[in-house]
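For reference, the structure is listed below as structure tokens.
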Amino acid sequence: MSAGRPARTGNAGRDGPNAAGGGTAATAGGGHLAGARLWLGRYAALIRAGWLVDVQYRAAIAIWLVLGIAQPVFTLAIWWVVAGEGDVEGFGRADFARYFFAVMLVNQATNAWDVWYIDRWIREGELNFRLARPIDPLHEAIADNLAYKGKTVTLFVLVWAAIAAFWPAVRLPLDPTRLALAVAALVLGAAIRFLTSYANGLLAFWTTRATAIAELHWGLSLFLAGRIAPLSLLPPAVAAVAGVLWFPYMIAFPAEVLTGDVATADALLRGFGWQLFWLAAWTVVYLLVWTRGLRKYGAVGG
Amino acid sequence: MAQWAARARRLLAVLRAFWAVNLAEELQYRANFVASLLGTLFWLGMAVLTAAVFFRQTEALGGWSFWEVVALLGVFNAVAGFVDALLRPNIGRIVEQVREGTMDLVLSKPVDPQFHVSFRRVVVWRASDIVLGLALTAFALTRLGRIPSIGEVAAFAIAFAAALAIVYALWLGLMSLAFWFVAVENLEVLFDAVYEAARFPVGAYPGALRFVFVYLIPIAWITTAPTAVLVGRGAWTVAATAAGVALLGLALTRLFWKAALKRYTSAGG
């Protein structure tokens, strides 16, 4: 269904031989410093390539942004009416507004379309020239994310600020500690969601239904990641199950750190702890799927 | 009159030819049917659970009870099935056809181009969405203890057909924009974004949005109106108005499509 679509389609022009960039500098001296400079150069080139491709798809990106906010906006509108002048288990209208604005921002920042790309790379053989490059395709995907989200998240923050100027309900206190914590939670959440999507895409080595699995994952995240309601409004059993899975640490947790709903040292520690755990777990999954998948890919196509 | 009948017969014959080939292709991929069925069941379950989350906190959404909203979700799913079976694989390809110039092939056929771009193929498996969606609606009606009269069923049939026509008009209108904005390859996503709003009766939205969904973007006529007829919230007035909106939508998009087609400069242009 609609909500699980890729963030953008089309990736033409990314296939030039120079996109990986910086690869030839590998022989320029040893040491950590040279290594760091090499990677900075590589990432700069990859991000620039991603940026330039995106510029050609400005209108398409605007449409993806509209899709990204549609479901949270409509959900907020319904909760707004349900809350009325009172509140729902402690959530008043303004609380819902802040929560869903935060969810929209976090969703944008953690958005993961990678499964759609990897699936196509594998099925249509676009992975081949990526394997021939002196750099793991993972880095191209990460750079793509940085290029795209740098723009869209900035835009989102500006729009939020503009709306907040007129609508007090969505104003947040600008507490530096809270913002720093929110950024940290956001980065970890984005990393987890990226790895789930990337590893899911690699399932295309074995099945033609990798993207269908991604849609199921997205559907479950409606509840488990807090996209339909704050987790505290779900049945306690569902919230408890969600709490030990990776879902809420991709969206609900960063959003609630941002709104200040998660503020006690205890809750913060627990949240960040789970984030680190799932980040490690999904890294392991990614490594397993990648090494095994490549072996199978080589066996079939080689 | 006889001329019209002959034309309609000809279009039907063309349609049969289109879909016979198509069906033969699709039937080779029967695993898709199982996958489609499972997907439908999954999303129906998700939709009902979503409604349940709201109904933990409230007795009614826009005055509608839980099972009334579930009946609406069935209609939502059925219309989504129609979109996936017929609109996405046809009208959804207009952008690509304009960009790549393959619209030439459509225009060179001795068939009305709008008919050709609209009904060339059918993804038959998505009929599972239509059947199971309407089955969910029927189940919700039994939970409401409501057996619609023959008249109400007839009114529903009209309102539902009107809903499909309105969705068709929205798609054709939206995708006709491709003739102006050739580079925008994901125009159809705008429909997906707006259609999300059809998961709830329009009465559940704040006043401003309600106005938009009734008068500007006719979301209210897609799911709220047909369901309202079935659950006894106005029968013939709703159905008749829906039919009027549908006819107006079809006529306007026909004009818009013709204007758009004039801009087409062919593969070399």
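At-a-glance table
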| read-out | value |
| --- | --- |
| Residue check, residue A:158 in contact with a helix residue (DSSP H, G or I) (Cβ under 8 Å, 6 or more places away or on another chain) and surrounded by fewer than 22 Cβ atoms within 10 Å (Cβ to Cβ) | no |
| Members of the range B:52-74 that are of a type outside the set (Phe, Trp, Tyr), within 27 Å of residue A:86 (Cβ to Cβ) and touching a residue at least 60 places away in the same chain (Cβ under 8 Å) | B:61, B:62, B:63, B:65, B:68, B:69, B:70, B:72, B:73 |
| Subset of the range B:199-239 [of a type in the set (Ser, Thr, Tyr) and either closer than 17 Å to residue B:133 by Cβ or assigned to a helix (DSSP H, G or I) (or both)] | B:215, B:223, B:224, B:227, B:237 |
| Check on residue A:263, farther than 22 Å from residue A:145 by Cβ, part of a loop (DSSP other than H, G, I, E, B) and more than 12 Å from chain B (Cβ to nearest Cβ) | yes |
| The listed residue being under 29 Å from residue A:138 (Cβ atoms), at pLDDT 90 or above and more than 9 Å from chain B (Cβ to nearest Cβ), out of A:48, A:98, A:93 | A:48 |
| Residues of the range A:170-200 classified as over 14 Å from the mean Cα position of the chain (by Cα), crowded, with 16+ Cβ neighbours inside 10 Å and assigned to a helix (DSSP H, G or I), total | 4 |
| Among the residues listed as A:112, A:102, A:97, the single one being in a helix (DSSP H, G or I), small (Gly, Ala, Ser) and under 18 Å from residue A:225 (Cβ atoms) | A:102 |
| Residue list for the range A:44-60, filter: in a helix (DSSP H, G or I), buried (at least 18 other Cβ atoms within 10 Å of the Cβ) and either touching a helix residue (DSSP H, G or I) at 6+ places or on another chain (Cβ under 7 Å) or not aliphatic (A, V, I, L, M) (or both) | A:46, A:47, A:50, A:54 |
| Those residues of the range A:115-134 which are in a helix (DSSP H, G or I) and either of a type in the set (Lys, Arg) or within 14 Å of chain B (Cβ to nearest Cβ) (or both), in sequence order | A:116, A:120, A:123, A:130 |
| The range B:27-49 residues that are in a helix (DSSP H, G or I), paired with ones that are acidic (Asp, Glu) (beta carbon under 7 Å, 6 or more apart) | B:40/B:129 |
| Candidate set: the range A:214-237, residues that are outside any helix (DSSP H, G or I) and under 22 Å from residue B:39 (Cβ atoms); chosen: the one nearest to the other protein chains (Cβ to nearest Cβ) | A:228 |
| Meets criteria (in a helix (DSSP H, G or I), under 19 Å from residue A:73 (Cβ atoms) and of a type in the set (A, V, I, L, M)) for residue B:167 | no |
| Test result for residue A:211, of a type outside the set (Phe, Trp, Tyr), in a helix (DSSP H, G or I) and within 14 Å of chain B (Cβ to nearest Cβ) | yes |
| For residue B:211: the one exception among (1) without any contact (Cβ under 8 Å) to a residue 24 or more places away in the chain; (2) within 11 Å of another protein chain (Cβ to nearest Cβ); (3) more than 17 Å from residue B:82 (Cα to Cα) | (2) |
| Where residue A:240 falls short, out of the listed (1) more than 11 Å from every other protein chain (Cβ to nearest Cβ); (2) touching a residue at least 60 places away in the same chain (Cβ under 8 Å) | (2) |
| Total residues in the range B:135-166, condition farther than 18 Å from residue B:246 by Cα, of a type in the set (A, V, I, L, M) and buried (at least 18 other Cβ atoms within 10 Å of the Cβ) | 3 |
| Which listed residue is within 12 Å of chain A (Cβ to nearest Cβ) and in a helix (DSSP H, G or I), from B:152, B:196, B:185 | B:196 |
| Single unsatisfied condition, residue B:204 versus (1) within 28 Å of residue A:80 (Cα to Cα); (2) under 14 Å from the mean Cα position of the chain (by Cα) | (2) |
| Some residue of the range B:222-238 being at pLDDT 90 or above, within 21 Å of residue A:62 (Cα to Cα) and not aromatic (Phe, Trp, Tyr) | no |
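Yes/no per residue for (1) closer than 30 Å to residue B:262 by Cα; (2) modelled with pLDDT under 90; (3) more than 14 Å from chain A (Cβ to nearest Cβ):
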residue: B:135; (1), (2), (3): no, no, yes
residue: B:145; (1), (2), (3): no, no, yes
residue: B:160; (1), (2), (3): no, no, yes
residue: B:165; (1), (2), (3): yes, no, yes
residue: B:174; (1), (2), (3): yes, no, no
residue: B:181; (1), (2), (3): yes, yes, no
residue: B:191; (1), (2), (3): yes, no, no
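The values are calculated or read from the model by the stated rules, or taken from the named source; none is laboratory data. Everything quoted here is computed from the prediction, not taken from an experiment. Cβ sites come from the backbone with ideal geometry, for glycine too, and all protein chains shown count toward neighbours.
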